[in-house]
Ligand code: SF4
């Protein structure tokens, strides 16, 4: 493990590298916190998580409604949102109802700017690609074909965002998942796919980045490097001896587990599903209620000011595994050294690459989050 040297200290330098099968979420989880990676992907039985988060429920409800809208090809997004509303994690029925109405307006405003006749190339589409070192797959929220009739435009990877977290163009530029999906989509479709877009529904902003072949190649190398660390740690966990793929599956001695999978405690641990099982994370963070990520006070005190830092954590990221898969609904990847989940970032309107989609800004109800 290059960040702190843990894996290298245990003698896995020079190990043969085998094909590592992964999702971008798995790689991101390793970067975020190796202990959380272990608990999400390796520990068996899988440790129990905390209760469901309301902001994950909201994000999943919106994603499902937008995916279903294309399949129905009628302007029924609001009804789809209502029928598929997931109410897990909310403080009570009134709070869930307020957010349902808010999300309905948000979804309706968004689809009002779409042309239902211009169907995307893919909706909730799984794409995959491989190199000599990794086989990576995941699901794209939407894959658009921006070609004009008779033209040969590029494909565009689109990722819906519903959190309070203010996004920047840098989020689109540095996103490892978006880059990998662009690469995979381009290879599967045999067409250029360089543009990635984050569509932030609460603000109506599109944060776009145009990759180059070189920048996608850099992201792929980055994914391979992370995967190499994951693969080495996985093998240590399973007890595969250095220099060989086979051997007694002795497992990792208990006193070395934290060396290979160290915790990365911080205030973001308040949003971790495994916080209750993690002494360092519990120490480093305040406990969060399941609806705190909504950032609108509590049912008991609905007029409370919103949390200063609602999490980016929990927003379904492009191509994340379906609910129930390890890593589903986990915090999105952060660049090393980037702000904590939920860190409030500067307004995005004036940044290059930021735009509103056709139909103008959204902000249903004047842009305020439900109180
Ligand atoms: S609580 Fe924090 S340190 Fe512990 S596993 Fe979760 S993210 Fe890692």
Pick from region 85-130 the residues that are assigned to a loop (DSSP other than H, G, I, E, B) and modelled with pLDDT of 95 or more: which of them is surrounded by the most Cβ atoms within 10 Å (Cβ to Cβ)?
90
Just wondering, is there one or more residues in region 190-209 that are part of a loop (DSSP other than H, G, I, E, B) and within 16 Å of the ligand (Cβ to nearest atom)?
no
Answer yes if at least one residue in region 298-318 is more than 12 Å from the ligand (Cβ to nearest atom), within 22 Å of the chain's Cα centre (by Cα), at pLDDT 90 or above and surrounded by 20 or more Cβ atoms within 10 Å (Cβ to Cβ), and no otherwise.
no
Does region 247-275 hold any residues that are in a helix (DSSP H, G or I) and surrounded by 14 or more Cβ atoms within 10 Å (Cβ to Cβ), and which are they?
256, 257, 258, 259, 260, 267, 268, 269, 270, 271, 275
Specify which of the listed residues (11, 50) is part of a loop (DSSP other than H, G, I, E, B), at pLDDT below 95 and within 16 Å of the ligand (Cβ to nearest atom).
50
State which residue pairs qualify: first residue closer than 16 Å to residue 34 by Cα and near the ligand (Cβ under 8 Å from one of its atoms) and inside region 275-288, second residue at pLDDT below 95 and part of a loop (DSSP other than H, G, I, E, B) in any location, beta carbons under 6 Å apart, and separation of 6 or more residues or different chains.
277/47
Residue in region 175-199 that is farthest from residue 123 (Cα to Cα), counting only those that are in contact (Cβ under 8 Å) with a residue 40 or more places away in the chain and out of contact with any helix residue (DSSP H, G or I) (no Cβ under 9 Å at 6 or more places or on another chain)
187
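The values are calculated or read from the model by the stated rules, or taken from the named source; none is laboratory data. From a predicted model like this one, the values you see are computed outputs, not experimental measurements. Every residue, glycine as well, gets a Cβ built from its backbone with ideal geometry; the counts of neighbours run over all protein chains shown.
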